[in-house]
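Undergrad: To start, I am sharing the structure in question, which I have written as structure tokens.
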Amino acid sequence: MSLFAAARLPSEILFGKGQRHVLPAIAARHGRRAFVCTDERFAATSQFAEILAGLHNAAIEALVFDRTLPDVPRDSVATCIAEAKGFKPDMVIGIGGGSCLDMAKCAALLLSHGGKLEDYYGEFKVSGPTLPVIAVPTTAGTGSEVTPVAVISDPDRTLKVGIASPHLIAAVALCDPDLTVTCPPSLTAIAGADALTHAIEAYTAAKRGVDPHLPQQHVFIGKSALTDHFALLAIRLLGRSLEKAYRDGSDEDARADVMMGALAAGCAFGTAGTAAAHAVQYPVGALTHTPHGLGVATMLPYVMTYNLAAAAAEIAEVGTALGLSLQGGAADALAHATIREVSRLFGAIGITPTLAELGLPEDKIDWTAEQALGIDRLIKNNPRPFDLAAMRQLVRAAYDGDMSATMM
């Protein structure tokens, strides 16, 4: 029997218009003292004031840390923890974009287990459960509300680093599409493209076999029957509504589709993992300081083209989920059409098409390739293997905007 699947998810996922209003009832199940992690932008909104009032009315005392920064700088976590320790919270609530949710995970981790953040870099370094985290996303992209990962910027390291452990998965993911309505078009595009990249890389990830010990040894284990289900749902929803949400942020149906797509993509890649587009983005992001979602989306069509030799059938199925049809042609033709459609969609929402336009210096192409190849947890997930020459060719192709150069 070859059927194999695994999934690690929150114990409760709540999705729908107005779900933010049930936060007090959810929080009350976990105690009476809530440490809330958000950022200055959301902390200044009427929606946040309403959320705090709801917690107060439910007799839940809240201590707010509203200085979360993009990409969660390591030392900012220490500042956050210093404010929370004396409060002795029963739970941590993360409200905001992916960085706010990652900050909440880091806070729960250190409040529960102590030590330094760097003690936990890598996989399976968290020894046991943490304080419960309630994740309330206000953007639709990272999927952090359901994943076992927190991404950190460490000033002692060139590339961002991750903490990956099933113990980091939020207890509750509370997803209200109304919280995304104020996202500007550029953020909607970048976050949504990030989510679509998550879904496509999870669906086209390598199959890593049926070793029963695999999920005990690795957080990310490649594609499986369950992750495929979530990935295809995400691709369908994002394919039909991401451009709509970008063009009309008040379109409630489109906003709901995109947020559900990001959630489903997180459910997929949180177990399957991502691959080469993410591997290249880590060094590119370090050099260009561009948003993560923008970088992975820039790389995705080139990586898909490189992967045609190993994953044409899966890429064709991505096309079907995006609404394309075979119309008498070969599956290979549908796979090529799928890559063109992904490129068209990303172009329509303003995603930068080349690494050169993203700001990568040409003399850093080889360094970028070397760094990307060294991120083994992502490279081993790619359906087609890489050596250094192949990675250099991929990065050069994405720099030049020459899709055909990846078909080596």
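Undergrad: Angle, helix 331-348 long axis vs. longest principal axis of the chain, Cα atoms, 0 to 90°, nearest 10?
TA: Taking Cα atoms only, the helix is inclined about 50 degrees.
Undergrad: For the stretch 311-326, what does the Karplus curve 6.51 cos²θ - 1.76 cosθ + 1.60, with θ = phi - 60°, yield as ³J(HN,Hα) per residue in whole Hz, taken in order and with x for Gly and Pro?
TA: Coupling constants for the stretch 311-326: 9, 4, 5, 5, 5, 5, 5, 4, x, 4, 5, 7, x, 7, 10, 6 Hz.
Undergrad: Express as a percent, rounded to the nearest 5, the fraction of DSSP beta bridges in the chain (both residues included) that run antiparallel.
TA: About 20 percent, rounded to the nearest 5.
Undergrad: Calculate for the chain the 222 nm mean residue ellipticity that helices alone would give, adding -39,500 (n - 2.57) per DSSP H run of length 4 or more and normalising by residue count, nearest 500 deg cm²/dmol.
TA: -16000 deg cm²/dmol
Undergrad: Next question. Per residue of the stretch 171-187, in order, report the coupling 6.51 cos²θ - 1.76 cosθ + 1.60 (Karplus, θ = phi - 60°) as ³J(HN,Hα) in whole Hz, putting x for Gly and Pro.
TA: Those phi angles translate into 5, 9, 9, 10, 10, 10, x, 4, 6, 9, 4, 7, 5, x, x, 5, 5 Hz.
Undergrad: Using a 1.4 Å probe and counting only protein heavy atoms, arrange 289, 278, 21 so the residue with the most accessible area comes first.
TA: Values: 289 155, 278 10, 21 105 Å².
From most exposed to least exposed: 289, 21, 278.
Undergrad: Can you give me the distance in nm between label points at residue 376 and residue 325, each placed 7 Å from the Cα along the Cα-to-Cβ direction?
TA: The answer from the label model is 4.8 nm.
Undergrad: Name the aspartates and glutamates eligible as straight-distance cross-link partners of residue 116: C-alpha to C-alpha under 19 Å, and not fewer than 8 places from it in the same chain.
TA: Correct list for residue 116: 71, 75, 83, 102, 154, 156.
Undergrad: Reachable aspartates and glutamates from residue 244, Cα under 20 Å, same-chain residues fewer than 8 places away excluded?
TA: 176, 178, 194, 252, 253, 257, 341
Undergrad: Can I ask one more? From the phi of every residue in the stretch 84-93, what ³J(HN,Hα) in whole Hz does the Karplus formula 6.51 cos²θ - 1.76 cosθ + 1.60 yield, where θ is phi - 60° and glycine or proline is x?
TA: 8, 4, x, 6, 6, x, 8, 7, 10, 10
Undergrad: Counting only residues 5 or more places away or on other chains, whose amide H sits under 5 Å from the amide H of residue 93 once H atoms are built in the peptide plane?
TA: 35, 36, 37, 134
Undergrad: Calculated from the structure, P(r) over Cα pairs in 10 Å bins from 0, in percent equals which of [x] 5, 24, 34, 25, 10, 2, 0; [y] 4, 17, 23, 25, 18, 9, 3, 0, 0; [z] 4, 14, 16, 13, 10, 8, 7, 5, 4, 4, 4, 4, 3, 2, 1, 0?
TA: Computing P(r) over Cα pairs in 10 Å bins from 0, in percent and matching it to [x] 5, 24, 34, 25, 10, 2, 0; [y] 4, 17, 23, 25, 18, 9, 3, 0, 0; [z] 4, 14, 16, 13, 10, 8, 7, 5, 4, 4, 4, 4, 3, 2, 1, 0 gives [x].
Undergrad: Take the Cα gyration tensor of the stretch 19-126, multiply each eigenvalue by 5, square-root it, and list the three semi-axes largest first, rounded to whole angstrom.
TA: Equivalent ellipsoid of the stretch 19-126: 23, 16, 12 Å, largest first.
Undergrad: How big is the accessible area of residue 175 in square angstrom, nearest 10, if you roll a 1.4 angstrom probe over the protein chains?
TA: 0 Å²
Undergrad: Arrange the peptides 207-218, 396-407, 255-266, 56-67 so that the one whose residues have, on average, the most other Cβ atoms within 10 Å appears first. Intermediate values should be presented prior to the final figure.
TA: On the way: 207-218: 12.8, 396-407: 17.7, 255-266: 27.7, 56-67: 15.2.
Ranked by mean Cβ neighbours within 10 Å, highest first: 255-266, 396-407, 56-67, 207-218.
Undergrad: Out of the stretch 92-152, which trypsin sites (Lys or Arg not before Pro) are coil in DSSP terms and have no more than 16 other C-beta atoms within 10 Å? It would help to have the intermediate numbers written out before the result.
TA: Values: sites: 105, 116, 125; in loops: 116, 125.
Sparse-neighbourhood loop trypsin sites (Lys or Arg not before Pro): 116, 125.
Undergrad: Ignoring ligands, DNA and RNA, what percent of the accessible area of the chain is carbon or sulfur (1.4 Å)?
TA: 53 percent
Undergrad: List the aspartates and glutamates whose Cα lies under 13 Å from the Cα of residue 223, skipping any in the same chain that are fewer than 8 positions away.
TA: Partners found: 201, 314.
Undergrad: Among the listed pairs 207/364; 105/207; 105/160, which are separated by more than 20 Å between their Cα atoms?
TA: On the way: 207/364 32 Å; 105/207 29 Å; 105/160 16 Å.
Pairs exceeding the cut-off: 207/364; 105/207.
Undergrad: State in Å² the accessible area per residue of the chain; use a 1.4 Å probe, count heavy atoms of protein chains only, and round to the nearest integer.
TA: Per-residue value: 38 Å².
The values are calculated or read from the model by the stated rules, or taken from the named source; none is laboratory data. Quick caveat: nothing in here was measured; it's all calculated off a predicted structure. Cβ sites come from the backbone with ideal geometry, for glycine too, and all protein chains shown count toward neighbours. The protein model used for the area step is the full one, side chains on, heavy atoms only, and it has no ligands, DNA or RNA in it. Shrake-Rupley method; radii C 1.70, N 1.55, O 1.52, S 1.80 Å.
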